[in-house]
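What follows is a set of notes on a single structure, which appears directly below.
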Amino acid sequence: MNRFKSFFALIFLNLMAIISWAQTPTHIPRKRHEPVNFFESTENIIFYIVIPVIIVLLYFLWRRDRARQKKKYEEEQRKKNS
């Protein structure tokens, strides 16, 4: 049974690879884009550096606040049950 699962998984993965390769466009011109220079403009600095850092900081602050609320709730429940 395990051999059949491995065999079908192999076939499925190969089919998915073939399907994705078959969908690549061939008759369109391709431009070679240079990498984004992050420090070229103020907008790039804000969009690619400042905003993601703010989002990560807000996420960690939110998690810390949730942990404090959970701890406070558990303490209240312990006091209530005692």
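Given the criteria over 21 Å from the mean Cα position of the chain (by Cα) and at pLDDT below 95, does Gln23 qualify? Against the criterion (over 21 Å from the mean Cα position of the chain (by Cα) and at pLDDT below 95), Gln23 qualifies.
Checked against the criteria, Asn44 does not count as without any contact (Cβ under 8 Å) to a residue 40 or more places away in the chain and loosely packed, with under 10 Cβ neighbours inside 10 Å. Total residues in segment 40-72 satisfying the condition of being at pLDDT 95 or above and among the aromatic types (Phe, Trp, Tyr): the figure is 3. Is it the case that Ser82 is at pLDDT below 85 and small (Gly, Ala, Ser)? Here the answer is yes, as Ser82 does meet what is asked. The residues listed here are Phe38, Phe60, Phe12, Phe8; of these, the one that is in contact with a helix residue (DSSP H, G or I) (Cβ under 7 Å, 6 or more places away or on another chain) and either surrounded by 10 or more Cβ atoms within 10 Å (Cβ to Cβ) or aromatic (Phe, Trp, Tyr) (or both) is Phe38.
The values are calculated or read from the model by the stated rules, or taken from the named source; none is laboratory data. None of the values given here were measured: they were computed from a predicted structure. Methodologically, a virtual Cβ is constructed for each residue, glycine included, from the backbone with ideal geometry; neighbour enumeration extends over all protein chains shown.
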